[in-house]
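Notes to accompany the following structure.
Derivation of every value follows stated rules applied to the coordinates shown; laboratory data play no part. All of these numbers come straight from a predicted model, not from anything done at the bench. Here the Cβ is made from the backbone with ideal geometry for all residues, glycine too, and neighbour counts use every protein chain on show.
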Amino acid sequence: MARNSNVYAELGSTWHCNMRDPDSATHIIGKLVKHIGGKNVLYGSDCIWYGSPQDQIQALGTFQISDKFQDKYGYAKITPELSACIFGLNAADVYNVELDEVLRTAQSDPIARRCEAYRENPDPHFQTLGPKTRREFIANLKCGAGRLSRRRHWATKPPSTGIAMPVAKGDASEHSQRIASPISSGFPIRPAGTRWVIDCMI
């Protein structure tokens with residue numbers, strides 16, 4: 001199959017499910033651009049299933065293939081031009097959209113005015129809060145935020161049910177011998193009397 005022929009790849013759920021895994025995202029975008037062609041990869045969000053696509057747009061807009069992966073696998077660098085093609089210019093060709101006409105009318109239509117108002121006063125702002133790197137996360141822990149504390153002790157019910165239940169520390173062994181109504185905790189089944197110790201982040 002020739003690159004940039006009559007076969008198109010629309011990202012849709014593929015990007016939504018892989019954008020949090022840099023290696024998988026790199027191989028998916030890299031292979032599509034390399035084998036299908038940079039003019040035949042289309043952005044899609046499937047937001048009818050996942051809600052607001054803002055996180056997908058932000059992730060794809062800042063996505064880049066590392067030099068290491070470019071050299072090793074022959075993937076293309078994600079340039080602003082390639083990004084613009086994936087985000088919409090490629091789809092314009094598929095759907096026979098006249099770009100000049102769209103750009104001319106879009107500058108003054110109601111959506112354009114609302115976009116301009118939003119840029120001046122973004123509400124909601126969709127800004128990503130909290131640490132964004134491992135280094136920032138560790139620094140955040142060292143300054144006291146997110147300190148690990150509040151230990152909870154768990155014991156299981158008798159083998160007949162094997163359901164983990166929260167109990168006070170001193171009552172763990174006694175509780176394991178009593179029969180209580182089942183409570184699903186989501187933890188794996190352990191032998192009766194086994195203690196679970198969990199550190200909860202505050």
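With neighbours defined as other Cβ atoms within 10 Å of a residue's Cβ, the residues ILE65, ILE111 order from fewest to most as ILE111, ILE65. Sparsely packed loop sites in the stretch 80-117 (the GluC sites (Glu not before Pro) outside DSSP H, G, I, E and B with at most 16 other Cβ atoms within 10 Å) comprise GLU98. Relative to one another, the C-alpha centroids of the stretch 117-140 and the stretch 28-89 are positioned 22 Å apart.
In terms of distances greater than 27 angstrom between alpha carbons, the cross-link table entries LYS39/LYS68; LYS68/LYS132; LYS68/LYS142 yield LYS68/LYS142. Under 5 Å between amide hydrogens, built in the peptide plane, is the criterion, and for GLY44 it picks out LEU11, GLY12 among residues at least 5 positions away or on other chains.
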